[in-house]
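Written out below as structure tokens is the structure these notes cover.
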Amino acid sequence: MRYPAHSVRRFGNQVLQLMHDTGHALFMLLESIWFIRYVFTKRSRAETALQMFTTGIKSLAVITVVALFTGMILALQTGLELRRYGQEVYIGSAVAVSMIREMGPFMTGLIIAASVGSAIAAQIGTMVVSEEISALEVMSINPNRFLVMPRLVALVVMMPILTVYTNILGIMGGGLVGATQLGVSLQAYMDNATQFATNKDLYVGLFKAIIFGAVITTVSCHQGFMTSEGAVGVGKATRRSVIISFLIILVLGYMITRLFYV
Amino acid sequence: MIRFENITKVLGGKTVLDNISFEVNEGETFVIVGLSGAGKSVTLKHMIRLMLPDNGSIVVDGEAIDNLGRSALEAVRSKFGVLFQSAALLQWMSVHDNVALPLREHTKMAEEEIGRLVAEKLHLLNLSDAGDKFPADLSGGMQKRVGLARAIIMNPKIVLYDEPTSGLDPVTSRRIDNLIVDMRKELGITSVVVTHDLHSALSIGSRIMMLHDGQIVENAPPEEFICSKDKTVQSFLESQYITKKGKWETGLSHE
Ligand SMILES: Nc1ncnc2c1ncn2[C@@H]1O[C@H](COP(=O)(O)OP(=O)(O)OP(=O)(O)O)[C@@H](O)[C@H]1O
Ligand SMILES: [Mg+2]
């Protein structure tokens, strides 16, 4: 019976490895946060601005479509249910609250993880493979300051902005469905939405967006730095960065909602 | 200047360096040769602690580098300029910005001053027209030269070259050889050069070390190296049509 002992040991090793990697990633995050004090220096300013710009450009088209349809689906789904009780007008609050509190940051996070996070992992992974990271280290240029910090600032700033954009489009999409499919006037829809959505919903949603921005940067950069085995490794790092970001966004989104509302 | 004491390194289950010891003296041009996969790049990486040995200790400038804190390590690394085998240029920066990077990061120089120094190094490496180009638009040989310009921009005491002339035409290769010799003569720079090109090794090297199967099979000045009794060295020499009969004429003087 050597096999079970063997797999137990392997499982143990995997847990240890996971803890080691997590520690590594958290250290990277903390050090990058510490380096944020350099964000307005000449050498970091341009890079941070560029990262913000590319984050917006890379994701805007997808976010627009996804946000509109998320609102439309929410409105249709809840509207059909509410119609049975003749309460269609409540789609206003249903869409607004779930967009602002949950779906806005969640959808934005997924899209940014898939479009921007994967690109970060691929870029840093390529830099590892082509010895560029080693070159930075030899030149005593800290990769966490030089690469991670600008991306962290960019994502933590852009995530809430894009989330607000997602919310607005989602609520508009919901209103559109309400007006055309459910016979709820835009005026009634908006009145209902503003009556029930609170500032707290907005703050919790934006808080999530900021956390997700930090998660995506940390996971993507960390996966990039851990790349080995050449081009194959870059592919793996990219894929893993997206999967891990998705999982963490899902779990953290739930936990934050619980924290503030239960 | 750089001393390896009983260094062992295992990578991917293979003993790449097996208990090797050698010393690079100040002001010499130390050449490392060996077949592909012999551990030449791994040896260079140990000198700047991009890799840690599994066993043994490395001393740079009288200081063991195995257990340095970050600032002490940065101080040691600032003595080095390194040309990586893959040139390792940052892809999103122009040639000019790549070469200027160490100056921008570590000095408070004004942009004009930086521009002047960068232009000087680019000229030295025959790259005056390439300043605005991006690494992806350059040939492999040009990237190598940009990497070299970046390696020497801070005037380091020690320069490590990982295959500086591979992928370069013969004329440019000799130009790089001359540059290495000049830097040694004029500035007293210590160089460690990894190369497959024995002609270049014999011309510029004050000593040549051959690695094979994790061992040092030869470590001698050029004139002794070509007379080596070791079988691997002999076949390596023969593969590049170098025999000990005709005295090796370098065309370069290293004194
Ligand atoms: N990071 C690493 N992980 C695992 N194995 C490695 C790593 N780096 C190098 N090796 C292995 O160590 C051995 C020596 O590699 P090294 O790059 O030093 O060779 P080299 O002498 O520079 O060869 P070349 O002339 O082809 O550049 C090779 O077998 C290589 O596969
Ligand atoms: Mg090599």
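The values are calculated or read from the model by the stated rules, or taken from the named source; none is laboratory data. Because the structure is predicted, anything quoted here is derived from the model rather than measured. Ideal geometry is used to build each Cβ from the backbone, glycine not excepted, and the neighbour counts take in all protein chains shown. With ligands, DNA and RNA removed, areas are computed over all heavy atoms of the protein, side chains included. Shrake-Rupley method; radii C 1.70, N 1.55, O 1.52, S 1.80 Å.
What about residue B:84, is it within 16 Å of ligand 1 (Cβ to nearest atom) and more than 14 Å from chain A (Cβ to nearest Cβ)?
Working: within 16 Å of ligand 1 (Cβ to nearest atom): yes; more than 14 Å from chain A (Cβ to nearest Cβ): no.
No, not satisfied.
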| query | Got at least one residue in the range B:101-121 being within 15 Å of residue A:139 (Cβ to Cβ), within 12 Å of another protein chain (Cβ to nearest Cβ), open to solvent by 10 Å² or more (accessible area, probe 1.4 Å) and part of a loop (DSSP other than H, G, I, E, B)? | reply | yes
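Of B:15, B:43, B:8, which residue is within 16 Å of ligand 1 (Cβ to nearest atom) and under 16 Å from the mean Cα position of the chain (by Cα)?
Answer to the check: B:43.
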| field | Scan of the range B:46-68 for residues that are over 19 Å from the mean Cα position of the chain (by Cα), hydrophobic (A, V, I, L, M, F, W, C) and either within 16 Å of ligand 2 (Cβ to nearest atom) or assigned to a strand (DSSP E or B) (or both), ordered by number | value | B:64
| Close pairs (8 angstrom Cβ cut-off, 6 or more residues apart or separate chains): farther than 20 Å from residue B:141 by Cβ and modelled with pLDDT of 90 or more in the range B:109-129, of a type in the set (D, E, K, R) and open to solvent by 30 Å² or more (accessible area, probe 1.4 Å) anywhere | B:114/B:104
| said: Kindly evaluate residue B:83 against the criterion of being surrounded by 14 or more Cβ atoms within 10 Å (Cβ to Cβ) and touching a Phe, Trp or Tyr at 6+ places or on another chain (Cβ under 7 Å). | reply: yes
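Would you check if there is a residue in the range B:67-80 being touching a Lys or Arg at 6+ places or on another chain (Cβ under 7 Å) and of a type outside the set (A, V, I, L, M)?
Step one: of the range B:67-80, the residues touching a Lys or Arg at 6+ places or on another chain (Cβ under 7 Å) are B:73, B:79.
Pick out the ones that are also of a type outside the set (A, V, I, L, M) and you get B:79.
Yes, because at least one residue in the range B:67-80 is touching a Lys or Arg at 6+ places or on another chain (Cβ under 7 Å) and of a type outside the set (A, V, I, L, M).
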| field | Among residues of the range B:18-33, those that are within 16 Å of ligand 1 (Cβ to nearest atom), more than 13 Å from residue B:8 (Cα to Cα) and more than 14 Å from the chain's Cα centre (by Cα), counted | value | 0
| request: Quick one: count up the residues across the range B:44-81 that are closer than 30 Å to residue B:131 by Cβ, more than 8 Å from chain A (Cβ to nearest Cβ) and free of Cβ contacts under 8 Å to residues at least 12 places away in the same chain. | output: 0
| remark: Restricting attention to the range B:20-38, the residues that are open to solvent by 10 Å² or more (accessible area, probe 1.4 Å) and either β-branched (Val, Ile, Thr) or on the phi > 0 side of the Ramachandran plot (or both) number exactly 2
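Do the conditions hold for residue A:228, that is, is it outside any loop (DSSP other than H, G, I, E, B), more than 30 Å from residue A:81 (Cα to Cα) and touching a residue at least 12 places away in the same chain (Cβ under 8 Å)? Full working, then the answer.
Details: outside any loop (DSSP other than H, G, I, E, B): no; more than 30 Å from residue A:81 (Cα to Cα): yes; touching a residue at least 12 places away in the same chain (Cβ under 8 Å): yes.
So residue A:228 fails the test.
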| Does residue A:78 qualify as being buried (at least 16 other Cβ atoms within 10 Å of the Cβ), within 27 Å of residue A:262 (Cα to Cα) and free of Cβ contacts under 8 Å to residues at least 24 places away in the same chain? | yes
| query | So how many residues does the range A:139-148 have that are open to solvent by less than 10 Å² (accessible area, probe 1.4 Å) and at the interface with chain B (Cβ under 8 Å from one of its Cβ atoms)? | reply | 1
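For the range B:169-204, name all the residues that are in a loop (DSSP other than H, G, I, E, B) and either within 16 Å of ligand 2 (Cβ to nearest atom) or at pLDDT 90 or above (or both). I'd like the intermediate steps shown before the answer.
From the range B:169-204, those in a loop (DSSP other than H, G, I, E, B) are B:169, B:188-189, B:195-197; that's our starting set.
B:189, B:195, B:196, B:197, listed by residue number.
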